[in-house]
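The values are calculated or read from the model by the stated rules, or taken from the named source; none is laboratory data. Keep in mind the model is a prediction, meaning the values are calculated, not measured. Every residue, glycine among them, receives a Cβ derived from its backbone with ideal geometry; neighbour counts consider all protein chains shown.
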Amino acid sequence: MSPDGVLGFFRRLGGFVGSLALTLLGLTAVTFGIGRFIPVDPVLAVVGDHATRDIYDKARLAMGLDRSIAEQYLIYLRKVASGDLGQSVITSHSILADLMQFFPATLELSTVATVIGVALGVPAGVAAAAYKGKWPDQILRVVGLFGYSMPIFWLGLVGLAIFYGRLGWAAGPGRLDVGYDDIVTARTGVILVDSALAGEWEVFRNAAAHLVLPGLLLGYVSLAYIARMTRSFMIDQLSQEYVVAARIKGRSFWGAVWGHAFPNIMVPLITVVGLSYASLLEGAVLTESVFVWPGLGLYITRSLFNADMNAVLGGTLMVGATFIGINLLCDFLYKVFDPRLRSA
Amino acid sequence: MTIELTPENPPQVVPLAHWLLSDAPTSRRQAVLGNLTRGMFALAANPAALIGLLIVLALVTIAAFAPLVAGFRSPIEQDLVHRLAAPSGDHWFGTDELGRDILARTAYGARVTLTIVMLVSILVAPIGLAVGTTAGYLGGWVDAILMRITDIFLAFPRLVLALAFSAALGPGIENAVIAISLTAWPPYARIARAETVSIARSDFIAAVVLQGASTWRVLFRHIVPLCISSVIVRLTLDMAGIILTAAGLGFLGLGAQPPTAEWGAMVSTGRDVIFDQWWVATIPGLAIFIVSLGFNLLGDGLRDVFDPKNT
Amino acid sequence: MSDSPLLEVEDLNVTFPGRGGATRAVRNASFSLGRERLGIVGESGSGKSTTGRALLGLIPPPGLVSAKRLQLSGQDLSSLTDADWQRLRGRRISMVMQDPKYSLNPVLKVGRQIEETYRLHHRASQGEARRRSLAMLEAVKIRDPDLVYHFYAHQLSGGMGQRVMIAMMLIAEPDLLIADEPTSALDVTVQNEVLRILDDLVTDRGMGLIFISHNLTIVSSFCDRVLVMYGGRIVEECKASELSAARHPYTRALMKAVPVLDRPVSELAVVIRDPEWLR
């Protein structure tokens with residue numbers, strides 16, 4: 001990197017950190033605001049219906065509800081920053097601890113789905129662009145179109161019904177069959193990793209079997225998006241003069257496609273993959289409900305059904321922060337890695 | 001200037017098609033209608049877009065004529081004797097766990113879907129236009145602040161926030177609509193701003209300003225109309241996503257409440273019996289899928305017509 | 001120098017089928033070329049660039065190419081497989097394109113792009129390929145080859161970029177070079193430099209050159225013979241020195257339309273097209 005490149009990098013890094021901070025601040029403002037909107041009296045939620053006036057007043061003071069909104073917001077911010085998201089009504093653990101316990105499951109599923117999406121989606125997109133207008137392209141467009149018109153929860157249900165209920169090919173809901181639950185100690189929370197590390201291969205196989213159906217279904221959704229964007233990027237590049245120049249040098253068609261055009265889309269593709277990952281994390285609320293997958297999404301929906309607003313908001317904050325973080329990070333990486341912008 | 005109609009100068013009868021597609025329109029209305037006609041022809045040439053249009057029209061028709069489509073059956077009347085009946089001559093789509101006719105519920109569910117889509121559009125487009133055009137036209141710190149706010153909302157996860165919001169406000173269609181709109185408006189602000197920035201420097205805007213038009217008038221009467229086509233294209237493309245989000249909320253029990261028929265909620269209640277009575281959950285889900293597909297196809301077609309460089 | 005011509009083209013036709021009927025971009029073009037310089041002059045749409053691409057087998061579908069004879073040093077070009085073309089392009093016949101901003105890959109270092117041509121046609125180690133690439137950069141008069149090797153396309157000026165392009169296309173030592181508007185995207189001051197470098201390299205290596213341009217002045221001074229194309233057809237073929245004695249009305253109109261600084265006129269001459277020329 002040239003000397004101004006280094007300066008530019010730090011400037012962009014500063015921009016990224018600034019954007020991230022501001023957006024996260026906005027997110028906390030929104031979750032705080034939502035928390036204030038609850039028609040339920042938050043004090044009653046803590047002290048219960050039968051508390052005396054005295055206890056009620058004391059609790060109100062202790063919760064800081066007598067202060068101005070701005071002050072309450074600052075208190076809230078301080079709590080969030082220190083990791084105090086409140087206590088879950090259902091589990092009575094700290095919400096943060098709950099979230100940390102459930103997060104890896106969501107990560108695991110999203111990662112598997114994205115890997116499938118990239119491994120299948122990128123080559124499909126490249127092929128569709130190379131064969132533009134011909135049948136591989138048409139098929140891909142239809143497949144993609146179905147992919148993002150499909151309600152995920154419905155696809156999951158139908159998939160379960162067919163591949164587990166009718167055909168018995170796939171494992172049922174949940175991460176592991178009952179009985180495998182406590183064999184492996186959770187070190188990373190990702191069962192595949194933990195069981196591999198512990199050498200418990202039967203657990204590993206079982207976990208993998210349970211990952212197949214939700215992973216493939218989510219992978220399909222991820223694939224649809226990634227393939228479409230790859231196709232779009234590649235079509236742009238394949239019409240460029242430098243691709244013709246590569247052919248003139250003696251490169252074969254596919255050599256020009258993968259050796260010249262593809263390197264030009266890798267940077268925007270990173271952004272696309274990141275966006276896809278982030279949206280999978282977000283969509284987890286629905287898929288985990290269908291597959292009874294013990295991740296963040298399921299935690300949020302269960303808390304929702306139990307009117308545990310603090311847990312819902314805590315989960316929202318975590319999903320939101322991760323989502324925002326990934327999006328902004330991808331934006332930033334894009335700016336850093338595009339050589340055309342390096343010396344700008 | 002009036003034209004004297006005399007025997008030597010009889011009124012010219014111009015066929016409607018010629019008038020619409022004329023290269024030299026003589027009035028604003030002719031120009032606008034002409035563009036619309038040309039757009040429709042271009043759209044009609046695209047079979048996928050036509051299918052999309054048909055689906056959307058079918059949705060509107062079914063919603064409007066729901067009682068007729070349902071064969072005048074009630075979507076909420078229970079018939080526990082005939083619960084979970086398979087599709088048959090009596091009940092084309094079968095019955096759900098409370099014996100309600102699924103065809104009727106699907107047809108009335110179209111009303112809910114259409115309502116949500118329309119309400120969100122009515123909220124989101126004006127807000128986006130207002131924010132975007134103001135930011136683009138006024139520039140400076142107004143632009144900076146408005147765009148910052150837009151960017152922040154743009155970065156938020158739509159479904160999760162809609163969920164939290166609905167959870168806080170309580171279930172119901174109105175709350176679901178507000179919840180979805182809160183995170184759906186930013187793209188429109190961006191589009192409007194981008195268009196405004198390129199238009200604001202043109203001579204005709206300068207001319208209007210010189211004539212003494214207030215900022216409000218410039219924005220509302222001159223800039224906004226030019227942004228509308230992009231907003232409409234984007235709106236159509238987004239509708240599929242909005243429908244899916246709304247259905248997701250319904251699936252989680254937020255949004256329309258029982259006994260109102262809503263497709264997402266229907267899928268949710270059909271969950272428990274999915275293995276044996278597959279139709280209860282499958283059919284409403286299929287409806288969501290088809291409608292979403294229709295909007296995607298139509299949106300793609302509209303975009304090809306109005307913004308061909310993005311194909 | 002052998003007697004048989006380097007390139008023989010007889011009745012070359014390039015047609016693009018389309019919705020409103022087929023477009024005949026090149027009609028019955030016939031010419032031959034030895035180790036000399038041939039200019040092809042014409043306006044946009046005359047078919048000159050299409051002819052160039054047809055010689056490289058790079059007419060994109062749905063375009064159709066047909067010719068009674070299309071031979072490079074006796075090798076028939078109309079029946080080549082993809083693998084044959086890959087061996088031919090870059091090594092026996094090559095092309096310098098118009099604008100290095102677009103014809104160089106933006107995300108690869110230019111030195112590597114030059115190397116690539118060599119490595120596609122010769123088995124060479126990384127070190128040797130790199131040395132040859134640096135040598136080529138010197139041959140096109142780039143002052144700091146070691147530095148420029150690591151540059152990306154956007155870091156090069158127009159003139160440098162075009163020189164890199166020339167290096168890239170000549171490193172495998174082709175017999176025939178097609179230059180498609182090589183100086184049209186450059187500033188006038190830089191044009192002459194690039195032309196001079198091209199001149200030297202083509203002469204030194206005894207290559208055949210087809211120089212495609214819309215600029216009659218440059219072509220007539222640079223080339224030995226000139227072809228004038230209009231509406232897909234070759235309407236004139238003569239020696240560059242004999243252009244003033246051109247017979248076709250289009251050529252004469254072109255020559256008259258060139259403004260001369262020391263003979264100012266009140267109105268510049270415009271080429272008036274006769275639809276007869278298209279038949």
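Taken over the stretch C:177-201, the criterion of being buried (at least 21 other Cβ atoms within 10 Å of the Cβ) and among the aliphatic types (A, V, I, L, M) is satisfied by C:177, C:178, C:179, C:186, C:194, C:198. May I ask you to list pairs of residues, at least six apart or on different chains, whose Cβ atoms are under 6 Å apart, with the first in the stretch C:201-221 being in contact (Cβ under 8 Å) with a residue 60 or more places away in the chain and the second being hydrophobic (A, V, I, L, M, F, W, C) and assigned to a loop (DSSP other than H, G, I, E, B)? As it stands, the answer is C:208/C:6; C:211/C:223, since those pairs meet every condition given. For residue A:336, are the conditions met, namely being assigned to a helix (DSSP H, G or I), modelled with pLDDT under 85 and at negative phi? Considered against the rule, which asks whether it is assigned to a helix (DSSP H, G or I), modelled with pLDDT under 85 and at negative phi, residue A:336 comes out as yes. The set of residues from the stretch C:154-192 being over 21 Å from the mean Cα position of the chain (by Cα) and part of a helix (DSSP H, G or I) comprises C:154, C:155.
Please indicate, with yes or no, whether at least one residue in the stretch B:244-258 is more than 20 Å from residue B:180 (Cα to Cα) and either touching a Lys or Arg at 6+ places or on another chain (Cβ under 7 Å) or in contact (Cβ under 8 Å) with a residue 60 or more places away in the chain (or both). There is no residue in the stretch B:244-258 that is more than 20 Å from residue B:180 (Cα to Cα) and either touching a Lys or Arg at 6+ places or on another chain (Cβ under 7 Å) or in contact (Cβ under 8 Å) with a residue 60 or more places away in the chain (or both).
When B:197, B:209, B:160, B:177 are checked against the criterion of being of a type outside the set (D, E, K, R), in a helix (DSSP H, G or I) and within 14 Å of another protein chain (Cβ to nearest Cβ), a single residue qualifies: B:160. Pairs meeting the criteria (first residue in the stretch A:15-37 and more than 7 Å from chain B (Cβ to nearest Cβ), second residue polar (S, T, N, Q) and loosely packed, with under 14 Cβ neighbours inside 10 Å, beta carbons under 9 Å, at least 6 apart or on different chains) are lacking.
In the set (1) assigned to a helix (DSSP H, G or I); (2) surrounded by 21 or more Cβ atoms within 10 Å (Cβ to Cβ); (3) free of Cβ contacts under 8 Å to residues at least 60 places away in the same chain, the condition left unmet by residue C:134 is number (2). Restricted to the stretch B:126-152, and to residues that are within 22 Å of the chain's Cα centre (by Cα) and crowded, with 21+ Cβ neighbours inside 10 Å, which residue is nearest to residue B:243 (Cα to Cα)? The selected residue is B:128. Scanning the stretch A:42-62 for residues that are away from chain B (no Cβ under 14 Å), more than 24 Å from the chain's Cα centre (by Cα), hydroxyl-bearing (Ser, Thr, Tyr) and not in a strand (DSSP E or B) turns up at least one hit. When the stretch B:240-254 is filtered for residues that are part of a helix (DSSP H, G or I), within 8 Å of another protein chain (Cβ to nearest Cβ) and closer than 15 Å to residue B:165 by Cβ, only B:248 remains. With the requirement that a residue be over 16 Å from residue B:152 (Cβ atoms) and surrounded by fewer than 20 Cβ atoms within 10 Å (Cβ to Cβ), what does the stretch A:303-328 give you? Result: A:305, A:306, A:307, A:310. The residues of the stretch A:63-99 that are touching a Gly at 6+ places or on another chain (Cβ under 6 Å) and in a loop (DSSP other than H, G, I, E, B) amount to a single one, A:85.
For the stretch A:145-189, the set of residues classified as small (Gly, Ala, Ser), touching a His at 6+ places or on another chain (Cβ under 8 Å) and surrounded by fewer than 17 Cβ atoms within 10 Å (Cβ to Cβ) consists of A:172, A:174, listed by residue number. Taken together, C:124, C:129, C:83 contain a single residue that is free of Cβ contacts under 8 Å to residues at least 12 places away in the same chain and in a helix (DSSP H, G or I), which is C:83.
Out of curiosity, is residue A:142 surrounded by fewer than 15 Cβ atoms within 10 Å (Cβ to Cβ), of a type in the set (A, V, I, L, M, F, W, C) and over 23 Å from the mean Cα position of the chain (by Cα)? For residue A:142, the condition - surrounded by fewer than 15 Cβ atoms within 10 Å (Cβ to Cβ), of a type in the set (A, V, I, L, M, F, W, C) and over 23 Å from the mean Cα position of the chain (by Cα) - is met.
Quick grid of which residues meet (1) out of contact with any strand residue (DSSP E or B) (no Cβ under 6 Å at 6 or more places or on another chain); (2) of a type in the set (A, V, I, L, M); (3) surrounded by 14 or more Cβ atoms within 10 Å (Cβ to Cβ):
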site	(1), (2), (3)
B:63	yes, yes, yes
B:70	yes, yes, yes
B:85	no, yes, yes
B:91	no, no, yes
B:104	yes, yes, yes
B:108	yes, no, yes
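Looking at A:255, A:250, A:274, A:259, just one residue is within 14 Å of another protein chain (Cβ to nearest Cβ) and in contact with a Ser or Thr (Cβ under 8 Å, 6 or more places away or on another chain), and that residue is A:250.
Step by step: first the residues of the stretch B:259-270, then only those that are free of Cβ contacts under 8 Å to residues at least 40 places away in the same chain and more than 7 Å from chain A (Cβ to nearest Cβ), then the one that is farthest from residue B:175 (Cα to Cα). Which residue is that? Applying the filter and picking the extreme gives B:268.
Rundown of residues vs (1) closer than 23 Å to residue C:67 by Cβ; (2) of a type in the set (Lys, Arg); (3) assigned to a helix (DSSP H, G or I); (4) under 25 Å from the mean Cα position of the chain (by Cα), yes/no style:
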| residue | (1), (2), (3), (4) |
| --- | --- |
| C:227 | yes, no, no, yes |
| C:235 | yes, no, no, yes |
| C:241 | no, no, yes, yes |
| C:252 | no, yes, yes, yes |
| C:265 | no, no, no, no |
| C:269 | no, no, no, no |
| C:272 | no, no, no, no |
| C:276 | no, no, yes, no |
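Listed here are the helices (runs of 4 or more DSSP H) enclosed by the stretch A:132-221 that have at least 3 residues being within 14 Å of another protein chain (Cβ to nearest Cβ) and either modelled with pLDDT under 80 or touching a helix residue (DSSP H, G or I) at 6+ places or on another chain (Cβ under 7 Å) (or both): A:135-149, A:152-159.
You will find that of A:267, A:312, A:290, A:285, the residue that is within 13 Å of chain C (Cβ to nearest Cβ) and farther than 26 Å from residue A:133 by Cβ is A:267 and no other.
Within the stretch C:251-279, residues that are aromatic (Phe, Trp, Tyr) have Cβ atoms under 9 Å from residues that are at pLDDT 80 or above and not in a helix (DSSP H, G or I) in these pairs: C:277/C:230; C:277/C:231; C:277/C:233; C:277/C:235; C:277/C:248, counting only partners at least 6 apart in sequence or on another chain.
For the stretch B:271-283, the candidate set comprises residues that are more than 8 Å from every other protein chain (Cβ to nearest Cβ) and touching a helix residue (DSSP H, G or I) at 6+ places or on another chain (Cβ under 7 Å); within that set, the residue that is modelled with the highest pLDDT is B:283.
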